[in-house]
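J.: Dumping the structure here so I can ask a few things about it.
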Amino acid sequence: MTHHHDDPSHSHDHDHGHSHDHNHSHDHGHTHELTFEQKLEKLFDHWIDHNESHKETFYTWAQRAKEAKLDRVAAQIEKAGQAAGEITRLLKEAEKELKA
């Protein structure tokens, strides 16, 4: 999967094709305010998707760094990918606890 942030010439403005306006002041047809737990659940979904996107990008660029014979750089980028995986794991655990 290719993301716009795979291109180093693209400034990383954290847009990712969607708005980061988390006020959720707009109405999606809901006639009631979301509970705190529902808000958290939506945030977990967003955070996990966003983090997984970054993880994929780290691994893609780690591979490219290896191909460019930048093994030590690649190793550090891979560690960032592993850390992103751990973040996803923690978020999924928290989400599971919320739903319990």
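The values are calculated or read from the model by the stated rules, or taken from the named source; none is laboratory data. As the structure is a prediction and not an experimental result, all values here were calculated from the model. Quick note on the areas: whole protein, heavy atoms, side chains included, nothing else; ligands and nucleic acids left out. Shrake-Rupley method; radii C 1.70, N 1.55, O 1.52, S 1.80 Å.
J.: Could you work out the equivalent-ellipsoid semi-axes for region 49-100, taking the square root of 5 times each eigenvalue of the Cα gyration tensor, largest first, in whole Å?
T.: Result for region 49-100: semi-axes of 29, 9, 5 Å.
J.: Hey, another quick one. Can you send over the solvent-accessible area of Lys79, 1.4 Å probe, protein chains only, in Å² to the nearest 10?
T.: 120
J.: Could you put Trp61, Trp47 in order of accessible surface area, largest first, with the 1.4 Å probe and the full protein assembly present?
T.: Solvent-accessible surface, decreasing: Trp47, Trp61.
J.: Arrange the residues Glu33, Glu52, Glu95, Glu86 by how much accessible surface each exposes, largest first, with a 1.4 angstrom probe.
T.: Heavy-atom accessible area, descending, gives Glu33, Glu86, Glu52, Glu95.
J.: Can you give me the solvent accessible area of Ile87 with a 1.4 Å probe, rounded to the nearest 10 Å²?
T.: Rounded to the nearest 10, the figure is 80 Å².
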